[in-house]
Structure formats: structure tokens, C-alpha cells
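I have placed the structure first, in the form of C-alpha cells, so that the comments after it can refer back to it.
The values are calculated or read from the model by the stated rules, or taken from the named source; none is laboratory data. Computed from a predicted structure; not experimentally measured. Every residue, glycine among them, receives a Cβ derived from its backbone with ideal geometry; neighbour counts consider all protein chains shown.
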Amino acid sequence: MTEYRTQKILLSGYIDDEAKAYLTWLVHQSNNLYNSVLFAIRQTHFEQCETRTFFEQNNMYRIVFKDRYVKASYAQLCKDFKTNKHYEALGGQQGQQCIKSVLESITSYNKLLKKWWNKELENHPKIPNYRKPGGVYQVAFTSQNITYDDIEGYDLSSLSKSYRKRGETRLKPVS
């Protein structure tokens with residue numbers, strides 16, 4: 001079994017203005033990609049969902065979607081969003097990780113829906129919602145993206161193509 005290790009590094013106070021601006025821009029792009037992927041999944045889901053119409057007790061006419069699993073393919077989403085400006089801004093691995101995060105929330109919704117159908121939950125689960133516009137979302141860097149040099153500090157050696165022309169971004173080591 002493969003063992004994965006994760007290390008979170010708090011960067012506040014240890015980076016210069018250029019690196020901070022880059023990372024801030026990156027987390028905004030991640031938030032935008034998350035919302036774009038979720039929008040595509042939700043639109044496809046609602047287009048394929050059957051509806052049910054009825055009159056409520058107060059004679060209000062209602063149309064509701066029937067509950068069903070949300071279907072989404074990681075491979076198809078990666079293919080569809082490969083040319084998305086937010087995906088390109090993040091770079092391949094970071095964009096793929098953001099898409100995986102959206103799919104994790106969809107998978108969680110599907111599991112909750114099954115529990116609700118089996119009467120294991122009191123409240124009806126809601127399909128994942130969008131993140132706040134202009135907000136921030138996590139960006140995951142792998143060991144392929146970050147190298148460490150005792151003298152120079154951390155180095156984001158793998159920048160996205162859209163940001164590469166601005167040069168390398170270095171982070172000072174945490175004291």
C-alpha cells in the first residue's frame with residue numbers, strides 16, 4: 001500500500017510581496033476553477049434530471065427535480081477543462097487536484113443521498129453549492145512542484161505556463 005505524507009506550511013510573514021501576490025492570485029484561480037467545474041456538473045445533472053409537478057396545499061404549482069445520483073467522470077472533466085483559463089492558470093497537477101476536490105464533494109452528496117433514501121438521515125441532503133465569488137480555495141503542491149534548498153529556501157519550481165513568463169517565485173525558509 002502506498003503511503004502519502006502531507007506537510008502544511010504556514011507562509012504568512014515569511015514571503016516577499018511578489019510571492020504573496022502570486023499565491024493570492026493562485027488561490028483565487030483555484031476558487032474560480034472549483035466553481036466552474038461544479039457549474040458544469042450541476043448543469044449536466046439538472047438537464048438530465050426528471051421533474052415532478054404538483055400542487056401544494058395552498059394551491060401553489062410546483063416543479064421539483066426527482067432525486068438521483070449526480071454522475072461525473074474525472075477523466076472527462078479533465079479533458080473538458082484542459083483549455084479553461086483557470087485550469088491553465090493553476091497548472092496541470094493543481095488543476096487536477098481542484099477537480100478531484102469537486103468530485104469528492106459530489107461523491108459525498110451521493111453517499112448522503114443513499115443514506116437519506118434508506119431513512120438513515122433526517123434532513124434531505126443538498127447538492128454541493130458554489131463557493132463565494134472572489135473567494136479563495138486551497139491549492140495543493142506536490143513534491144514535484146516544490147523543492148527545498150537549505151540556503152535559498154523553498155522554490156516553486158513548477159509554475160503554470162500562463163505565469164511562467166514572470167519568472168520563478170521563491171519562498172524564504174521558515175525560521
Go through the range 82-128 and count every residue that is part of a loop (DSSP other than H, G, I, E, B) and hydroxyl-bearing (S, T, Y). 1
How do the pairs read when you match residues in the range 40-63 that are small (G, A, S) with residues anywhere that are assigned to a loop (DSSP other than H, G, I, E, B), using Cβ under 7 Å and keeping only pairs 6 or more apart or on different chains? none
Applying the selection to the range 111-126, what residues are in contact (Cβ under 8 Å) with a residue 12 or more places away in the chain and touching a Leu at 6+ places or on another chain (Cβ under 8 Å)? L112, P125
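Just checking, does the range 29-36 include any residue being small (G, A, S) and either farther than 17 Å from V136 by Cα or over 13 Å from the mean Cα position of the chain (by Cα) (or both)? Spell out the reasoning first.
Here is the first cut: in the range 29-36, the ones small (G, A, S) are 30, 36.
Keeping just the survivors that are either farther than 17 Å from V136 by Cα or over 13 Å from the mean Cα position of the chain (by Cα) (or both) gives none.
Among the residues of the range 29-36, not one is small (G, A, S) and either farther than 17 Å from V136 by Cα or over 13 Å from the mean Cα position of the chain (by Cα) (or both), which makes the answer no.
Which members of the range 53-69 meet the condition of being among the aromatic types (F, W, Y) and not in a strand (DSSP E or B)? Reasoning before the result, please.
At the first step, the residues of the range 53-69 found to be among the aromatic types (F, W, Y) are 54-55, 61, 65, 69.
Passing the criteria: only Y69.
Only one of E120, E88, E104 is out of contact with any Asp or Glu (no Cβ under 8 Å at 6 or more places or on another chain), more than 22 Å from I41 (Cβ to Cβ) and either at pLDDT below 95 or surrounded by fewer than 16 Cβ atoms within 10 Å (Cβ to Cβ) (or both); which? Show your work before the answer.
Values: E88 fails: more than 22 Å from I41 (Cβ to Cβ); E104 fails: more than 22 Å from I41 (Cβ to Cβ).
After applying the criteria, what remains is E120.
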Within the range 84-100, is even one residue out of contact with any Cys (no Cβ under 8 Å at 6 or more places or on another chain), more than 21 Å from L38 (Cβ to Cβ) and aliphatic (A, V, I, L, M)? no
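Within the range 13-27, take every residue that is within 24 Å of N129 (Cα to Cα) and surrounded by fewer than 17 Cβ atoms within 10 Å (Cβ to Cβ) and give me the one that is nearest to the chain's Cα centre (by Cα).
From the range 13-27, those within 24 Å of N129 (Cα to Cα) are 24-27; that's our starting set.
In the following step, the residues that additionally are surrounded by fewer than 17 Cβ atoms within 10 Å (Cβ to Cβ) were identified as 24-25, 27.
Numbers: T24: 16, W25: 15, V27: 10 Å.
Filtering first and then ranking leaves V27.
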Count of the range 28-85 residues which are aromatic (F, W, Y), farther than 18 Å from S108 by Cα and buried (at least 18 other Cβ atoms within 10 Å of the Cβ): 1
